[in-house]
Amino acid sequence: MSATMTARAPARRPMLDRRTLKRWMAGYLFLLPAMICLAVVSFVPMFQGIVTSFENFSLFRPGQRGFVGLDQYRYLAEDPLLARTFWQSWYFALGSVALQAILGMASALLLNQNIWFRGFFRGLVLIPWVVPGALAAMMFGLLFTSTGLVNTLLADLGLVDLGLINAAHPWLSDPRTSMPTIIMANTWKGFPFFTVMFLAALQSIPKDYYEAAMIDGASNWQSFRHITLPSMAPTILITTLLGTIWTFNSIDLIYILTSGGPYYSTMTLAMFSYNQGFGRGNIGYASAIGVVILALMAIITIVYLAAYRRVER
Amino acid sequence: MTGFSRREVVKGLGLATGAALLPGLGSLSARAAETVKLVNVEHDTRPLDNAAYKAVYDAFRTKHPGIEIEFQLIPWEQARPKLLTMAQGDGLPDMGRVAWVADLAAANAIVPLDGKIEPSLLDTVDPLLVQQAYGVGNDGARHLYALPWFVGTQSILVNKTLLDKAGITLKDSWTTDEFAAAAKALTVPGKQWGVTLDGAGIGDPVQIFLSAIYGYGGKWVAGAPQSVTPEPIVFDSPETAAGIEWYTNLYLDGSAVPSAPTDTYKERDANFQSGKAAMAWQGPWSLLETRENFKQGGWELASMPLPTGPGGSVPPSLGGGMAGLFRGVLKDGHEAEALEWIKFLSSEEGQRLYCKTNGMIPASRTLQADPFWADDPLYKGYIGTMKNMRQMLPIWATGLEGLLDDVVPPLMQGVFLRQLTPADAAKEIQAQVIRGLQQNGVRVPS
């Protein structure tokens, strides 16, 4: 007992020894250029946008930019378009991402099989992803015009004769079909990203799992449900998170195909912000809408990341 | 004999080269000092517009060899917001086309020309077209900001071959009822439509929609649009609602191309040039190219004036090409040289060269009488409509043009789709315009 009492306590190692500190410093030094770039191109404009949302910054009143507190947010809360654009943004983003994920998964599963010209098809599937957004929009605009290829095909299939569709149905000019048409265009444009991500995840699943499942008599569907999906869950979560954020903020397809119309039926928050800022010159108001989008995306990211952690555990 | 070292040879060669180049460099720098370089900005990007500018510039250079101009293009859809943001960033060009006088004047992006030009320069231009070159500056006063050089008036462009087939003859004037009847007669369901309208995009859809409304007696203010004092907005009137009803009925009764609600001017032009529509309500853009396309399709192109509304109300002719100075010129200190360019461009010589090359209509009434324009049936409708030139947008309403581009198309689409009544659309347009003007710092009296 006394021996224990009298024994010299071992010297406590300092929290940060020199070597650790040096290693940390090196790590931070390597990170520094990236952090500076990120700050300049992302954080500073974001901070500036937040500050501008509290100002009455109008392009028509040079030099009269002043602090107006929460006025822009008050105007926004009273704007009848806010609720409509809010729900339509979700319709556009979730509709597109859901279809992209389904199509991406189906094509990834196909391209993971031992098929002829697999390399060629893997390259081919990337084409929509590399086509510029403006070009894709123009292409879909021509396909879905009243005398476009889609109507011609539908007529040839006999749908017009059955009375299911109008011979010259204006897909983008009818509020019932305008958003679904844009979602279709966006799905075509964005699904290759999902394919590539899912294919990479599929290839990392050990073959042994499937062999063991086969020996145990599991069906293809059971293997997919109990092996493929759980193994791919982190990738699915991250890919859908990125897809949601990108789609929520994108305006190129909507701007070119419908400009938010007809009668606001394809107006999203991002398009609404663009119109306020660059159409009406109300940069302060547009920034307030931008801050709302930022807050929404931050919430979504937190929820996704929480889900991601749970899946990883 | 003493030999030269390699170092000495290189040194000698260097000195000799320097001595040979110095006088040349001197003359180069002298020439650079004499040459003034300016930047001109334009937002029409059709091939013939470039050729038109080149024709004017070549003639200008023979008279002003010391002025070099770099021509920059900003696409039409982006020009207005880009110029406004350039004004914020102090990055404006020296001069160019000024299409949104009221907005650019309020944003302090353009330079007033009062006292800087000889008034005789505007003598041959229709005074009502000159009025459109006025705006209210930051000082709250009315100033002349630009010099007109071509007219951007609207008319009804027609596929004469299709009209002949339907037994419709060209007239010097017609009513809105006659126009609607012609559009209906020219429609072959599912294949061909009487008229193509653009319900989306900026500029054209609003101008065309409004001129139909003005043709029914609708207006923005009861007083003169040139007043610098804000007046109550009176857009929400039975005349406006009647104009909206007539215009949107063209679509609702099936006489207009079904994609009208989301068609921009590009689709409208394509609909007309492909024979999908027999008539188009549009400005004098690309007339020569359109005629060439028509020839290839075996069709004949002509124009008719805008139809007259009930009670003889005539839709006004709007817009035009106006050249002005941007704030950037003050930074460079070459205001005098830039002024020379816009004066030459808007002179009769400049107008003739520009408009004969790309088929636009000159602003000068003397030139309009030239057989090139006066005797060509292609211009008949435009020149006929020009008799009714008047300004409709009040110049005190800061940012009104941009506001209308944002407010009007969706509400027009609402009526096209029967989700709004014409009267409700008029009311909503007025409410949104007043709210927008207030956000722009304009106090609109009630």
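If you take all other residues with their beta carbon under 10 Å from the beta carbon of B:Glu68, and give Lys and Arg +1 and Asp and Glu -1, the sum is 0. Of the DSSP H helices in chain B, those that are both long (alpha-carbon extent of 24 Å or more along the helix axis) and hydrophobic (Kyte-Doolittle mean at least -0.5) are B:6-34, B:422-439. Remark: for residue pairs B:Lys54/B:Lys343; B:Lys37/B:Lys343; B:Lys54/B:Lys331, the C-alpha separation exceeds 22 Å in B:Lys54/B:Lys331. Anisotropy class assigned to chain B is prolate, per the alpha carbon gyration tensor with a/c at or over the 1.5 cut-off and a/b larger than b/c. Ranking of B:Thr175, A:Thr239 by neighbouring Cβ atoms within 10 Å, starting from the fewest: B:Thr175, A:Thr239. Karplus-based coupling profile of segment A:113-120, in residue order and whole Hz: 7, 7, 10, 5, 6, 4, x, 5, with θ = phi - 60° in 6.51 cos²θ - 1.76 cosθ + 1.60 and x standing for Gly or Pro. Please build a GNM for chain A, connecting alpha carbons under 10 Å apart, and tell me which residue among A:Arg118, A:Arg23, A:Arg176 fluctuates the most. Ranking A:Arg118, A:Arg23, A:Arg176 by mean-square fluctuation puts A:Arg23 first. Residues whose amide H lies under 5 Å from that of B:Val36, counting only those 5 or more places away or on a different chain, are B:Ile67, B:Glu68; hydrogens are built 1.01 Å from N in the peptide plane.
Across segment A:132-140, coupling constants 3J(HN,Hα) worked out from phi with the 6.51/-1.76/1.60 Karplus curve, θ = phi - 60°, read x, x, 5, 5, 4, 4, 5, 5, 5 Hz, and Gly and Pro carry x.
Packing, taken as the mean count of other beta carbons within 10 Å per residue, orders the peptides B:151-160, A:94-103 from highest to lowest as B:151-160, A:94-103. Take the alpha carbon gyration tensor of the protein assembly as shown, find the square roots of its eigenvalues, order them as a ≥ b ≥ c, and report rounded if a/c is under 1.5; if not, report prolate when a/b exceeds b/c, else oblate. Taking the square roots of the gyration eigenvalues as a ≥ b ≥ c, the protein assembly as shown is oblate.
Peptide A:274-280 shows a mean partner chain C-beta count of 6 within 10 Å per residue C-beta. Per-residue shielding of A:52-59, expressed as the average number of other chain Cβ atoms within 10 Å of the residue Cβ, stands at 3. In this structure the amide hydrogen of B:Val221, modeled in the peptide plane, comes within under 5 Å of the amide hydrogens of B:Val234, none closer than 5 places in sequence on its chain.
Springs join every pair of Cα atoms under 10 Å in this Gaussian network model of chain B, and among B:Arg390, B:Arg268, B:Arg365 the largest mean-square fluctuation is at B:Arg365. Only helical runs count toward this figure. For the protein assembly as shown, summing -39,500 (n - 2.57) over DSSP H runs of n ≥ 4 and dividing by all residues gives -17000 deg cm²/dmol at 222 nm.
Residues whose amide H comes within less than 5 Å of that of B:Gly321, counting only those at least five positions distant or on another chain, are B:Trp149, B:Phe150, B:Val151, B:Gly152 (H built at 1.01 Å from N in the peptide plane). Of the residues B:Asp139, B:Asp90, B:Asp406, which exhibits the maximal mean-square fluctuation in a Gaussian network model of chain B defined by a 10 Å Cα contact cut-off? Looking only at B:Asp139, B:Asp90, B:Asp406, the largest GNM fluctuation is found for B:Asp139. Each Lys or Arg adds one and each Asp or Glu takes one away; over the other residues whose Cβ falls under 14 Å from the Cβ of B:Asp49, this sums to +1. Rounded to the nearest Hz, the phi-derived 3J(HN,Hα) couplings of segment B:318-330 under the Karplus curve 6.51 cos²θ - 1.76 cosθ + 1.60 (θ = phi - 60°) are 10, x, x, x, 10, 9, x, 9, 8, 4, x, 5, 5, where x marks glycine and proline. Could you sort out which of A:Lys189/B:Lys266; B:Lys63/B:Lys387; B:Lys160/B:Lys356 sit more than 30 Å apart by Cα distance in this structure? As for pairs spanning more than 30 Å Cα to Cα, those are B:Lys63/B:Lys387. Peptide B:100-106 is shielded by partner chain Cβ atoms: per residue, an average of 2 of them sit within 10 Å of its Cβ. Among B:395-405, A:83-93, B:411-421, the peptide with the highest mean count of other Cβ atoms within 10 Å heads the list, and the full ranking is B:395-405, B:411-421, A:83-93.
Within the set of other residues whose C-beta is less than 14 Å from the C-beta of B:Gly319, count the net charge using Lys and Arg as +1 and Asp and Glu as -1. Overall, the nearby charge balance is -3.
Each value in this text was obtained by applying a stated rule to the coordinates, not by laboratory testing. Only a predicted model underlies this, so the values are computations on that prediction, with no experimental measurement involved. Here Cβ is always computed from backbone atoms with ideal geometry, including for glycine, and neighbour counts include all displayed protein chains.
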